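The values are calculated or read from the model by the stated rules, or taken from the named source; none is laboratory data. None of the values given here were measured: they were computed from a predicted structure. Cβ placement follows ideal geometry from the backbone for every residue including glycine, while neighbour counts extend to all protein chains displayed. Areas reflect the complete protein model, heavy atoms only, side chains present, ligands, DNA and RNA absent. Shrake-Rupley method; radii C 1.70, N 1.55, O 1.52, S 1.80 Å.
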Amino acid sequence: IRQYTREKLLEAGDSEAVRDRHLAYFVKLAEQAEPELYRAKQVFWLNKLEDELDKLRIALEWALTSDIESGLRIVVLARQFWFSHGYAQELGDWVWQLLERHETKNSLHAQAMAVYSTATTDFSHARMIAEQSLQLARALADKEVEAYSLLHLGGLIAVQGDLKEGIPLVEQSRDLYRALGNKLGEASAMSWLVLNHNDLAQTKAIMLDALRLFRELGTLSGIANCLSLLAHRVIWTGDFSSPVPWLDEAMAIYRQLGDEAGQADTLDIQGSLAYWLGNYQQARKCYEEAVVLFEKAGSYWMISWSHVNLAYVALRQGDLPKAKELFKVCIQRFQKTDTIIGTIYAVEGIASIDVNLTHSDRAAQLFAWADVAREMIGDHRPPLEQQSVERDLAVIHSQLSDVEFERLSAQGRSLTLEQAIALAMES
């Protein structure tokens, strides 16, 4: 039908004027939708944009050839829709095509670069673009966009595992949003601070405050995100009862929003709850369902985390060959995205396999390397994970003399990242 109407439009002439009006209509629609995507009518506007998606794409195609500024306005203003409904990769493609043609280095350009840094799966490129976004925002003295750029740059660095560098940037974003009186921005920045789990009591307090702000604003996506992240951090402290209602509410909201990535993330956390309770069959089911939904939503980076969790399930169930294979695959995937904390976590899994196979010498080296690597990036193990590692270390100590253990640990602490990975991969 669309092809037929295009042909008739061309036959009738004056098609450019019609397409200009069509584009202008969708710019206006994006402007109307943008504030509502963070308010109580979020579901209505997400569904409205979903219904108009094919027409949005037509408008963006025309914008690429006629009005780059209007195209950027559409994707930047409606970014919450693209992310929530699983079109992050497509969003990244549109933004990049438009940015390449956009010559005016204004606030919209800076904001679009920050959006792109979150939508792309090329982390090294994403970081470079996010840094450029921040530089441009500061050059323009646009505090709102500066706060937005700080949030995306800091969050990007933190999710890769470098908390020492990433978290202070997120804190700067929060403080700037607070000074501007932007509660939505402040709450969003606070929810990213959950990545700093070195002080879980403080993290819990921050998340509860962010949750309060999101509830005041009526931002369903923010509420669900806070609930799921809060649940995950509380699980790490050994509290297995409080997270249940939080996860149930988060899942209900994500289903209401049609957010498959959010549903997958919640399933992954439910899997972690089952894992730490020792219900490995249920944990496996949750992780496998999360992988399916992450794939549907295009959240390919998160799939690696579900797979490494599945590797730990296989380890606890005694299927060591399968666990080792999965850990090695995950190391390769984390390496491709420069996700250092994921690499460390997978290497620790292989070290635990070595403990089970009485390869205590290699396990001692790998755990020692992991300790140093975590210290360097400021990402220490949560309590439950630390207790698990300490149980493995107790086994290693029982099999090695104190002198031998210290010698092997010293060797492990001196390993480079590449050497540690090579040692893990040869096991």
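Structure above, values below:
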read-out: First in the stretch 307-319 and closer than 16 Å to Q270 by Cβ, second anywhere and among the polar types (S, T, N, Q), Cβ under 8 Å, 6 or more apart; value: N309/S272
read-out: Any chance L366 is under 16 Å from I396 (Cβ atoms), in a helix (DSSP H, G or I) and either modelled with pLDDT of 95 or more or in contact with a strand residue (DSSP E or B) (Cβ under 7 Å, 6 or more places away or on another chain) (or both); value: yes
read-out: Residues (touching a residue at least 40 places away in the same chain (Cβ under 8 Å) and open to solvent by less than 10 Å² (accessible area, probe 1.4 Å)) located in the stretch 227-257; value: S228, A231, I235, L257
read-out: Identity of the residue in the stretch 192-250, among the aromatic types (F, W, Y) and modelled with pLDDT of 95 or more, that ends up farthest from the chain's Cα centre (by Cα); value: F240
read-out: Enumeration of residues in the stretch 374-392 that are in a helix (DSSP H, G or I) and either more than 19 Å from A323 (Cα to Cα) or open to solvent by 40 Å² or more (accessible area, probe 1.4 Å) (or both); value: R374, E375, M376, I377, P383, L384, Q386, Q387, E390, R391
read-out: Those residues of the stretch 180-195 which are buried (at least 19 other Cβ atoms within 10 Å of the Cβ) and closer than 12 Å to F214 by Cα, in sequence order; value: G185, E186, A187, S188, A189, M190, S191
read-out: Boolean, A147 is of a type outside the set (F, W, Y), more than 21 Å from D338 (Cα to Cα) and under 21 Å from the mean Cα position of the chain (by Cα); value: yes
read-out: Matching option when the condition is touching a helix residue (DSSP H, G or I) at 6+ places or on another chain (Cβ under 9 Å), in contact (Cβ under 8 Å) with a residue 12 or more places away in the chain and in a loop (DSSP other than H, G, I, E, B), among H109, H197; value: H197
read-out: Close pairs (7 angstrom Cβ cut-off, 6 or more residues apart or separate chains): in contact (Cβ under 8 Å) with a residue 40 or more places away in the chain in the stretch 383-396, β-branched (V, I, T) and outside any helix (DSSP H, G or I) anywhere; value: P383/T237
read-out: Test: residue in the stretch 114-132 that is touching a Lys or Arg at 6+ places or on another chain (Cβ under 6 Å), buried (at least 24 other Cβ atoms within 10 Å of the Cβ) and at pLDDT 95 or above; value: yes
read-out: Which numbered condition G86 misses (of (1) under 23 Å from the mean Cα position of the chain (by Cα); (2) part of a helix (DSSP H, G or I)); value: (2)
read-out: Of residues in the stretch 39-52 being touching a residue at least 12 places away in the same chain (Cβ under 8 Å) and surrounded by fewer than 20 Cβ atoms within 10 Å (Cβ to Cβ), the one farthest from E90 (Cα to Cα); value: A40
read-out: The stretch 196-220, residues that are crowded, with 21+ Cβ neighbours inside 10 Å, more than 19 Å from P168 (Cα to Cα) and not hydrophobic (A, V, I, L, M, F, W, C); value: T219
read-out: Condition check for D371: closer than 18 Å to A420 by Cα and not in a helix (DSSP H, G or I); value: no
read-out: Subset tally (residues that are in contact (Cβ under 8 Å) with a residue 12 or more places away in the chain, assigned to a helix (DSSP H, G or I) and within 12 Å of Q365 (Cα to Cα)) for the stretch 405-418; value: 7
read-out: Residue within the stretch 166-173 that is open to solvent by 60 Å² or more (accessible area, probe 1.4 Å) and assigned to a helix (DSSP H, G or I) present; value: yes
read-out: Residues that are under 15 Å from E418 (Cα atoms), open to solvent by 10 Å² or more (accessible area, probe 1.4 Å) and aliphatic (A, V, I, L, M), drawn from the stretch 326-355; value: I340, I341
read-out: Those residues of the stretch 276-305 which are crowded, with 22+ Cβ neighbours inside 10 Å, of a type in the set (S, T, Y) and touching a residue at least 40 places away in the same chain (Cβ under 8 Å), in sequence order; value: S299
read-out: Residue count for the stretch 369-380, restricted to those that are at pLDDT below 95 and closer than 18 Å to Y312 by Cβ; value: 1
read-out: Index of the failed condition, S401 passing every other in (1) closer than 26 Å to H232 by Cα; (2) loosely packed, with under 15 Cβ neighbours inside 10 Å; value: (1)
